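The values are calculated or read from the model by the stated rules, or taken from the named source; none is laboratory data. As the structure is a computational prediction, the values presented were derived from the model and not from experiment. Methodologically, a virtual Cβ is constructed for each residue, glycine included, from the backbone with ideal geometry; neighbour enumeration extends over all protein chains shown. Just the protein is used for accessible areas: all its heavy atoms, side chains included, with ligands, DNA and RNA removed. Shrake-Rupley method; radii C 1.70, N 1.55, O 1.52, S 1.80 Å.
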Amino acid sequence: MVKSRTKFAVAAAEYKILGRGSVKRDSELHMRSHNETNSAHRVVVMLGASNLSRAFPIAITTSRQMFESPVRFYVAKGHGRSYGQVSSCFGKKISGIFSCGIWSAIECEKSMPITAFMTDIGNDLAYEVPVDTVATWVEGCLDRLLTLNARVVISDLPIDALRQVSDLRYRLLRTLLFPRCRLSWPEILGRAEQLSERVQKIAESRQVPMFSVRKQWYGLDPIHPRKRCYPKMWADLWSLAERRDCDVAESRCPIGLNWYLRRLVPERWSVLSISRRANQPNGRLKDGTSIALY
């Protein structure tokens, strides 16, 4: 217990923890959020599901290395997260990205330079959502970002890695991760290829770059790259976003910051049908960087 309290105290001093969002002191927290982040000169938007959740501390660390000034992060993520419908993972339900509160939040930032990353665009295929519907959701999110003059990068589906998956391996992963899915391996692979082609055409029509994850970054899991590859992946994503080679150190996220970031919770979610809320930004770092989750 003593060690736990000490660890929390160190993180609180370093990262200015706000807690998990209480209904108390809403106005005070809002004013602190505005005052402590008004020096930021860059907004970073991140959309995704399990890959973004797994790489979240690395994504934040890499992004902060890009700029000397504080950054305002707006993030919609979560294991099993859908782009357009309510999804559930291990008893936790959360809204689709297209309908969550991130859009009204970033609307207030349209006068700021915005960089946005759209990842995990194939997650909905495992929910048996038709390709046309998923493409429409992705296109809708992209157009919302472009309306704000955001510089956007879309991470493509890992088609090369998926093509190496055997039927037995797929059935095992489907049972573990998406037990309600009844699509066969040829069906899901075919839909993934169709969605990749559709999104590439959408990106080309809007002159938005697409990022392809290297197949050698994957192991037995064809959905999530190996954790050691996340620093390189996010460095490459930023190079594509900035349209130049970015001198970003591929360093690991400090243990204390990693622990702190993984404790942050979104604006709205429910567990076992019990609705929960958290004030945003839910995270605030010592340099004035703020992190809002939706």
Odd one out for residue 236, checked against (1) open to solvent by less than 70 Å² (accessible area, probe 1.4 Å); (2) assigned to a strand (DSSP E or B); (3) among the charged types (D, E, K, R): (2)
Residue among 184, 196 that is polar (S, T, N, Q) and over 16 Å from residue 127 (Cα atoms): 196
Matching entry among 213, 248 (being in contact with a Phe, Trp or Tyr (Cβ under 7 Å, 6 or more places away or on another chain), at pLDDT below 95 and of a type in the set (Val, Ile, Thr)): 248
Matching entry among 59, 40 (being open to solvent by less than 20 Å² (accessible area, probe 1.4 Å) and at pLDDT below 95): 40
Residues being open to solvent by less than 50 Å² (accessible area, probe 1.4 Å), of a type outside the set (Phe, Trp, Tyr) and not in a loop (DSSP other than H, G, I, E, B) - total across the stretch 209-230: 2
Residue within the stretch 132-151 that is loosely packed, with under 15 Cβ neighbours inside 10 Å, closer than 24 Å to residue 293 by Cα and hydroxyl-bearing (Ser, Thr, Tyr) present: yes
Qualifying positions in the stretch 169-184 - assigned to a helix (DSSP H, G or I), open to solvent by 30 Å² or more (accessible area, probe 1.4 Å) and not β-branched (Val, Ile, Thr): 169, 171, 172, 173, 174, 176, 177
Residue satisfying all of: in the stretch 88-120; under 24 Å from residue 203 (Cβ atoms) and in contact with a Phe, Trp or Tyr (Cβ under 7 Å, 6 or more places away or on another chain); surrounded by the most Cβ atoms within 10 Å (Cβ to Cβ) among these: 97
Matching residues in the stretch 158-182 - criterion: being within 17 Å of residue 80 (Cα to Cα), in contact (Cβ under 8 Å) with a residue 40 or more places away in the chain and hydrophobic (A, V, I, L, M, F, W, C): 173, 177, 178, 181
Matching option when the condition is touching a Lys or Arg at 6+ places or on another chain (Cβ under 8 Å) and within 29 Å of residue 144 (Cβ to Cβ), among 239, 205, 270, 212: 270
